[in-house]
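Presented below is the structure to which this report refers.
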Amino acid sequence: GKTTLLQILGTLDKPLKEENYELELNNISLKNLNDKELSEFRNKHIGFIFQFHQLLPEFTALENVCIPAFIAKKPKQETEEKAKKILTFLGLSHRTKHKPNELSGGEQQRINIIRAISLRPKLLLCDEPTGNLDSKNTEVVLNLLRSVSEQINSTLIVVTHDEKISHSFQSKITIEDGQIIS
């Protein structure tokens, strides 16, 4: 149910009972947008971070980071310069030409996060973003998510089964058997 909720919030899916549903972001009702409009809206306003990085294996780290900006038709040189600055800031400048299979799990997840925030989305949806990481990289990724969401003024929603992680956030919603229980 948690992943389904994120897919609905991210406009990748619709609830079974659409008549009882309203979804609005930045004062824009998303319920009646067509598929093309939803895709454009998602690209511009919503960042996705998944447990499994979803990096495209045929592209380098730099290219993976640039994909959302290229889809949004941003200038190539400007996009790549911004991506390189962020990669450098996060200690990944030496990995820009590496493909995902040449990166560690923590590096892949940081690339995934950079890609998700590259267009400064207002909503950042994270589905078990630390599920495949060791405790050190889990801490790095969580601190990065918090810091980035504050810097770009983005709402951060993290889905996790890990109680330790859920207790580290300001607000917590518990879902059990498809129902919000707290």
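The values are calculated or read from the model by the stated rules, or taken from the named source; none is laboratory data. A quick note: this is a predicted structure, and the numbers were derived from the prediction, not measured. Note that we place each Cβ from the backbone using ideal geometry, even for glycine, and neighbour counts take in every protein chain shown. For the accessible areas, the whole protein counts, side chains as well, though only heavy atoms, and no ligand, DNA or RNA atoms are used. Shrake-Rupley method; radii C 1.70, N 1.55, O 1.52, S 1.80 Å.
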Checked against (1) more than 26 Å from LEU103 (Cα to Cα); (2) surrounded by 13 or more Cβ atoms within 10 Å (Cβ to Cβ), SER29 satisfies every condition except (2)
Looking only at region 134-154, and only at residues there that are out of contact with any Ser or Thr (no Cβ under 7 Å at 6 or more places or on another chain) and among the hydrophobic types (A, V, I, L, M, F, W, C), the one that is most open to solvent (accessible area, probe 1.4 Å) | VAL140
Output for Cβ contacts, cut-off 6 Å, separation at least six or different chains, first residue small (Gly, Ala, Ser) in region 58-82, second assigned to a helix (DSSP H, G or I), reads ALA61/ARG95; ALA61/ILE111; ALA69/THR79; ALA72/ASN43
For region 122-133, enumerate the residues that are buried (at least 17 other Cβ atoms within 10 Å of the Cβ), touching a helix residue (DSSP H, G or I) at 6+ places or on another chain (Cβ under 6 Å) and within 25 Å of ASN27 (Cβ to Cβ).
-> LEU124, LEU125
Filter result for the condition that a residue is under 20 Å from SER154 (Cα atoms), in contact (Cβ under 8 Å) with a residue 12 or more places away in the chain and hydroxyl-bearing (Ser, Thr, Tyr), over THR96, THR11 | THR11
Hey, LEU133 outside any helix (DSSP H, G or I) and touching a Pro at 6+ places or on another chain (Cβ under 9 Å) or not = no
